[in-house]
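Engineer: Please see the structure below; I have some questions.
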Amino acid sequence: MSLLDKVVKSSVAAPVGFVGATMWGFGSSISGVGTLLGINEIRDAGRSMTTAGNSALSSSQSMLEDILGLSDAKSLNGALTMFSEHSQGGNRLTRDELSGLLDKMPELYFGLEGMLGTRRQVVALTADLVIMLYGQPEHDCIEWDGFHRMWREVYDNSTGRLTFFHRIIVHKYDADRQQALSARQVEALIDDLYYSTNSVFAGDKRVPERSMMMSALWKQLADGPDSRVTAEDLKPILCGDFCAC
């Protein structure tokens with residue numbers, strides 16, 4: 001039985017009202033794909049999903065679409081395929097494997113090349129953030145359930161993707177990995193974003209003087225320059241909604 005068939009079977013067997021939890025909590029609901037199914041079945045599912053004319057797959061996928069809806073079924077298939085194509089060592093992606101996968105997902109970091117470094121550096125930064133938020137930093141990897149959660153919450157969610165985009169920027173300056181920046185780190189971010197020669201705002205007369213920008217920013221943050229600043233705190237300035245007046 002393929003992985004896709006087992007997903008469908010577990011969903012059909014679930015009581016009404018529990019289908020979503022079973023499917024979207026896939027990794028935890030069945031104790032992890034690697035535990036009960038094995039990575040070979042994940043790879044087989046990934047290959048099968050791209051093989052036209054497979055009537056058994058068509059039947060399973062049709063049931064999955066009935067349960068989840070067409071767009072959600074395609075989303076799950078997409079996540080499975082990407083994961084299986086890049087995982088070579090069991091029910092997990094190493095940092096290098098994840099970086100290779102993220103190199104094919106530029107939607108997550110489009111526009112950050114240049115400001116945050118080369119494409120390779122931005123991909124590495126994104127992989128580091130994904131492992132920190134969804135993976136196992138102590139093992140320097142991400143397992144299927146974490147990857148699937150990232151896919152749903154970030155890649156397949158426009159609001160989540162924008163939030164993650166902002167977190168990538170903040171992560172570049174978060175040297176101590178506390179998911180919040182010190183005053184010095186915030187100033188380095190603002191310098192690169194607005195005042196460096198590589199900035200998209202270089203020479204833009206609408207950008208206020210740096211001292212005015214920083215003064216206005218600290219006034220709008222509750223605890224001033226003594227506080228630690230999160231991506232959510234910086235959202236107005238990252239979205240272009242900040243007014244230094």
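The values are calculated or read from the model by the stated rules, or taken from the named source; none is laboratory data. The structure displayed is predicted, hence computed values, not measured ones. Methodologically, a virtual Cβ is constructed for each residue, glycine included, from the backbone with ideal geometry; neighbour enumeration extends over all protein chains shown. Side chains included, ligands, DNA and RNA excluded: accessible areas come from the protein's heavy atoms. Shrake-Rupley method; radii C 1.70, N 1.55, O 1.52, S 1.80 Å.
Engineer: Given the residues SER199, SER211, SER215, which is the only one that is open to solvent by less than 30 Å² (accessible area, probe 1.4 Å), more than 24 Å from the chain's Cα centre (by Cα) and of a type in the set (S, T, N, Q)? Full working, then the answer.
Structural biologist: Numbers: SER211 fails: open to solvent by less than 30 Å² (accessible area, probe 1.4 Å); SER215 fails: open to solvent by less than 30 Å² (accessible area, probe 1.4 Å).
Just a single option satisfies the conditions, and that option is SER199.
Engineer: Something else: Mind counting the residues in the stretch 121-138 that are in contact with a strand residue (DSSP E or B) (Cβ under 8 Å, 6 or more places away or on another chain) and exposed (fewer than 15 other Cβ atoms within 10 Å of the Cβ)? Spell out how you get there, then give the answer.
Structural biologist: Start the filter on the stretch 121-138 by keeping residues that are in contact with a strand residue (DSSP E or B) (Cβ under 8 Å, 6 or more places away or on another chain), which leaves 130-131, 134-136.
Now narrow it down to the ones that are exposed (fewer than 15 other Cβ atoms within 10 Å of the Cβ): 136.
The qualifying residues number 1.
Engineer: May I ask you to list pairs of residues, at least six apart or on different chains, whose Cβ atoms are under 7 Å apart, with the first in the stretch 95-107 being assigned to a helix (DSSP H, G or I) and the second being among the small types (Gly, Ala, Ser) and modelled with pLDDT under 95?
Structural biologist: Listed pairs, sorted by first residue: GLU97/SER87.
Engineer: Of the numbered conditions (1) at pLDDT below 85; (2) of a type in the set (Phe, Trp, Tyr); (3) part of a helix (DSSP H, G or I), PHE201 satisfies every one except a single condition; which is it?
Structural biologist: (3)
Engineer: Restricting attention to the stretch 79-94, which residues are farther than 10 Å from TRP144 by Cα and over 14 Å from the mean Cα position of the chain (by Cα)?
Structural biologist: Initially, the stretch 79-94 is screened for residues farther than 10 Å from TRP144 by Cα, giving 81-82, 85-86, 88-89, 94.
Answer for the stretch 79-94, where residues must be farther than 10 Å from TRP144 by Cα and over 14 Å from the mean Cα position of the chain (by Cα): THR81, GLU85, HIS86, GLN88, GLY89, THR94.
Engineer: How many residues does the stretch 105-140 hold that are at pLDDT 95 or above and on the phi > 0 side of the Ramachandran plot?
Structural biologist: 1
Engineer: Do any residues in the stretch 227-244 that are open to solvent by 40 Å² or more (accessible area, probe 1.4 Å) have Cβ atoms under 7 Å from those of residues that are modelled with pLDDT of 70 or more and part of a loop (DSSP other than H, G, I, E, B), where the two are at least six apart or on different chains, and which pairs are they?
Structural biologist: From the stretch 227-244, the pairs are ARG228/GLN178; ARG228/ALA180; ARG228/SER182; THR230/GLN179; THR230/ALA180; ASP233/LEU221.
Engineer: Let me ask something else about it. Out of all the residues in the stretch 141-188, which are part of a loop (DSSP other than H, G, I, E, B) and either surrounded by 15 or more Cβ atoms within 10 Å (Cβ to Cβ) or at negative phi (or both)? Show your work before the answer.
Structural biologist: Keep residues of the stretch 141-188 that are part of a loop (DSSP other than H, G, I, E, B), which gives 156-157, 174-180, 182.
Of everything in the stretch 141-188, those that are part of a loop (DSSP other than H, G, I, E, B) and either surrounded by 15 or more Cβ atoms within 10 Å (Cβ to Cβ) or at negative phi (or both) turn out to be ASP156, ASN157, ASP174, ALA175, ASP176, GLN178, GLN179, ALA180, SER182.
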